[in-house]
Amino acid sequence: MDASSASAPLYITTPIYYVNAAPHIGHAYTSIACDAACRFAKLDGTEAKLVTGTDEHGQKVEESAASQGCEPLEFATQVSGTFRDLAESYAVDYDRFIRTTEPEHALAVEKLWRQLGSSIYLGTYEGWYCVRDECYYAENELVDGKAPTGAEVEWRAKEPSYFFKLSEYREILVDLYESDKVQILPVSRKNEVLSFLKNNLTDLSISRTTFDWGVRVPDDPDHVVYVWIDALTNYLTALGWPDDPDWETWWAGSTHVVGKDILRFHAVYWPAILVAAGLPPPSKIVAHGWWTKDGQKISKSLGNVVDPNDLLDTYGLDASRYFMLSEVPFGKDGDFSDRELLAAANGYLANAVGNLAQRICTMLFKHEDGLTPENDYDEEAENLIEMARALPDAMRPLVLEDFRFDLALLQVEEVVRAANRYFDSMAPWNLKKTDTDKMVRVLAASLEVLRCVAIAYQPFMPTASKKLLDQILVPDDQRSFECIRSAAIVPGLKLSKPQPVFPRVELSTESESSGDNKKSKKNAAASNKKVSSSR
Ligand code: MSP
């Protein structure tokens, strides 16, 4: 590994997704968030690695495969492919897509199991089992006879099971979180975990004998390893643990990004297991909230599932990513609405960013023979240029420490809004008649700000920012964050005829004819006004 990187390498992971359901907006969201953080780190000079993948074992998968008349592996391979496709269509630039059915993963699970040694014992289990959640619940955890998640439970009588001595790790876990040796974000979630840890922990059942589809327990093939132990181990397998000598360097920067519903698995079970196995706990766990649709929980039974592929068809990649990352403070629940997405796409991206780019490039194209100007800026733009060049410093802690993509994007938005105000107040189209030198200096300053904005947007909107950087002829090797200060527009290059980078989204006639979207469009127009005046 290159020892000269700015800071310790980042190893960022998405949860691995169950293959018993189709991808939805929640899956896309976690992956985009991890991708944005990982791209940010790389552009900022920090080595970074992103791992995503699929969780393919367990009773649910076994049953789903049987209901389709196929083998579990065949079924898992087919659904896993849809998650891989989703990552690719959302431009999630992963370094490794891991599947828990890979032979290499089974070896890592077995190795970890053996390393747990005397922290594991054989006992019997009796209790309420929930197939959907793949776990047992205590009587007092049930709500109206169902799991706390609302799923059905069934009584399982005296099954043999291996247990992990979780109860012995309570103090260790409390210390990890109170001392921030392991960081949980947002702080409200850390407090939630600490308050859970106030109660005694019961030992964790970590094997099953009622189905076959999983990794066999070493030396006791009647048992398969509990799907969560199997799944969590993916974070080690993906680093080539235990054989790859680099695994520990990456592990020091391990950051698990998860939904709030699976925080307990990551913040209680996983660090305890790692410590028991003599391995270091992860360094950071970040929990995000859930998406609702028009204020309602998203569920198949309500028929309001948001298909992430439909979003791409309607709004395109960059607007969809931008919306998800800017709309909610990471950690909070977010509400999906077409109206707000349309407002982001048209009211901000097309009207504010796209239009600024178009106006600058069109004037250069028409009045300066399409040549990029000398870096001789209008002095009234000094503050604006400094604000644009300070973007990486302003954004870095927000993205890499706090995961507040919304606030980081707001920093860029403020620069864009200031640049539009500057451009309007300088009215270079009038200067053309009165002071062409000043006009060129105004265009040069505006173009320089646009260059900084386009570089800063790369982690969030990789396709649109690439188009913009290509359009204003920023060389490929001058697109890192460092180049915001160390480079500038290359003068004397010939621009092509400017093309809109953020085309306005027009809803199709078909969607317009639906009552819902009619409403969306009307509200979007209203909201656009709100966006341009108040955002
Ligand atoms: N397989 C486990 C994870 C194992 S990680 C070692 C799993 N898979 S999942 O496919 O059910 O869920 C994956 C992620 O999607 C979770 O982080 C979950 O919080 C997230 N979401 C599920 N529904 C969601 C929303 N409506 N909104 C946002 N995220 C949501 O759990």
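Looking at the stretch 398-411, can you tell me whether even one residue there is touching a residue at least 12 places away in the same chain (Cβ under 8 Å), on the phi > 0 side of the Ramachandran plot and not in a helix (DSSP H, G or I)?
Yes: the stretch 398-411 contains one or more residues that are touching a residue at least 12 places away in the same chain (Cβ under 8 Å), on the phi > 0 side of the Ramachandran plot and not in a helix (DSSP H, G or I).
I'm checking my understanding of the structure. Among residues of the stretch 481-507 that are small (G, A, S) and assigned to a loop (DSSP other than H, G, I, E, B), which one is surrounded by the most Cβ atoms within 10 Å (Cβ to Cβ)?
Within the stretch 481-507, the first condition is being small (G, A, S), and the residues that meet it are 486-488, 492, 496.
Keeping just the survivors that are assigned to a loop (DSSP other than H, G, I, E, B) gives 487-488, 492, 496.
Working: A487: 16, A488: 20, G492: 10, S496: 11.
Looking at the filtered set, the residue picked out is A488.
How many residues, within the stretch 287-312, are within 8 Å of the ligand (Cβ to nearest atom) and either touching a residue at least 60 places away in the same chain (Cβ under 8 Å) or within 14 Å of D338 (Cβ to Cβ) (or both)?
Of the residues in that region, 5 qualify.
What tally of residues in the stretch 253-262 results from selecting those that are out of contact with any helix residue (DSSP H, G or I) (no Cβ under 6 Å at 6 or more places or on another chain) and within 16 Å of the ligand (Cβ to nearest atom)?
6
Confirm whether D246 is open to solvent by 40 Å² or more (accessible area, probe 1.4 Å), closer than 20 Å to T52 by Cβ and not hydrophobic (A, V, I, L, M, F, W, C).
So D246 fits the description; yes.
In the set W250, W241, W228, which member is within 15 Å of the ligand (Cβ to nearest atom), in a helix (DSSP H, G or I) and either closer than 29 Å to W128 by Cα or of a type outside the set (V, I, T) (or both)?
W228
Is it true that G316 is within 16 Å of the ligand (Cβ to nearest atom) and on the phi > 0 side of the Ramachandran plot?
no
Scan the stretch 428-480 for residues that are open to solvent by 10 Å² or more (accessible area, probe 1.4 Å), part of a loop (DSSP other than H, G, I, E, B) and in contact (Cβ under 8 Å) with a residue 60 or more places away in the chain and jot them down.
Q458, L473, R479, S480 - these are the residues of the stretch 428-480 that are open to solvent by 10 Å² or more (accessible area, probe 1.4 Å), part of a loop (DSSP other than H, G, I, E, B) and in contact (Cβ under 8 Å) with a residue 60 or more places away in the chain.
With respect to D393, is the statement that it is closer than 30 Å to H288 by Cβ, surrounded by fewer than 18 Cβ atoms within 10 Å (Cβ to Cβ), of a type in the set (D, E) and within 16 Å of the ligand (Cβ to nearest atom) true?
no
Kindly establish whether S195 is buried (at least 23 other Cβ atoms within 10 Å of the Cβ) and more than 16 Å from the ligand (Cβ to nearest atom).
So S195 does not fit the description; no.
Only one residue in A65, A36, A48 is away from the ligand (no atom under 16 Å from the Cβ) and under 30 Å from G331 (Cβ atoms). Which one?
On the way: A65 fails: under 30 Å from G331 (Cβ atoms); A36 fails: away from the ligand (no atom under 16 Å from the Cβ).
Only one candidate passes the filter, namely A48.
Does the stretch 173-188 contain at least one residue that is surrounded by 15 or more Cβ atoms within 10 Å (Cβ to Cβ) and over 26 Å from K332 (Cβ atoms)?
Checked the stretch 173-188: no residue is surrounded by 15 or more Cβ atoms within 10 Å (Cβ to Cβ) and over 26 Å from K332 (Cβ atoms).
Just checking, which of A21, A8 is surrounded by fewer than 20 Cβ atoms within 10 Å (Cβ to Cβ), more than 15 Å from the ligand (Cβ to nearest atom) and among the aliphatic types (A, V, I, L, M)?
A8
I need the full set of residues from the stretch 370-397 which are small (G, A, S) and in a loop (DSSP other than H, G, I, E, B), in order please. Give the steps one after another, and end with the answer.
Going residue by residue through the stretch 370-397, those that are small (G, A, S) are 370, 381, 388, 390, 394.
Within the stretch 370-397, G370, A390 meet the criteria.
Got a number for residues in the stretch 119-172 being open to solvent by 60 Å² or more (accessible area, probe 1.4 Å) and without any contact (Cβ under 8 Å) to a residue 40 or more places away in the chain?
16
Is there a residue being more than 23 Å from L409 (Cβ to Cβ), within 9 Å of the ligand (Cβ to nearest atom) and free of Cβ contacts under 8 Å to residues at least 24 places away in the same chain anywhere in the stretch 263-286?
no
Going through A444, A488, A464, A526 one at a time, which residue ends up being modelled with pLDDT of 95 or more and within 25 Å of A344 (Cα to Cα)?
Result of the check over A444, A488, A464, A526: A464.
The values are calculated or read from the model by the stated rules, or taken from the named source; none is laboratory data. All values reported here derive from a predicted model rather than from experimental measurement. Every residue, glycine as well, gets a Cβ built from its backbone with ideal geometry; the counts of neighbours run over all protein chains shown. Calculation scope for accessible area: heavy atoms of the full protein, side chains included, ligands and nucleic acids excluded. Shrake-Rupley method; radii C 1.70, N 1.55, O 1.52, S 1.80 Å.
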